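Encoded as structure tokens, the structure appears first; notes follow it.
Every read-out reported here was derived from the displayed coordinates using simple, explicitly stated rules and does not represent laboratory data. Every value quoted in this text rests on a predicted model; they were computed, and no experiment measured them. Neighbour counts are summed over all protein chains in view; Cβ atoms, including those assigned to glycine, are modelled from backbone coordinates with ideal geometry.
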Amino acid sequence: MEWTEERVETLKGLWTKGYSARQIAERLGGVTRNAVIGKAHRMGLSSRPSPIKREKPAAPAVKERSCQWPVGHPGSDEFHFCGQSAEAGRPYCPKHCAVAYRRPSSNENAA
Ligand SMILES: [Zn+2]
């Protein structure tokens, strides 16, 4: 069977109304549920809420190993992150760790 313009329109209409792929296949006739799904995907129809919850793949836990210290004013063109190599287990480079984790009561003469 062919995807004529009319059938495509029917598919699109039923799909956006929330009909299941199986129901659409039955309406169109001569087409399988999988073909309906495949066609819908190729047409770029947004997937609808499915009763089957799909687990989203977890975002890869790639930890930036560069300094996340903000430099400049957020929103300005100059704004960027430091980007130096961060200290192990810290989000900042040694220089910015010294700033971020500086204790107000630290005794500078102790070093
Ligand atoms: Zn830094």
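For each of Arg42, Arg33, count neighbouring Cβ atoms within 10 Å of the residue's Cβ, then give the residues from fewest to most.
The most exposed by this proxy come first: Arg42, Arg33.
Given the Cα-Cα distance of Ala100 and Phe79 and 0.36 nm per residue of separation, how much length would full extension add, in nm?
5.7 nm
What is the calculated FRET efficiency for Arg42 to Arg65, with r their C-beta to C-beta distance and R₀ = 30 Å, to the nearest 0.05?
0.15
Quote to one decimal, in nm, the extra length available between Arg33 and Lys12 on full extension: 0.36 nm per residue of separation minus the C-alpha distance between them.
6.2 nm
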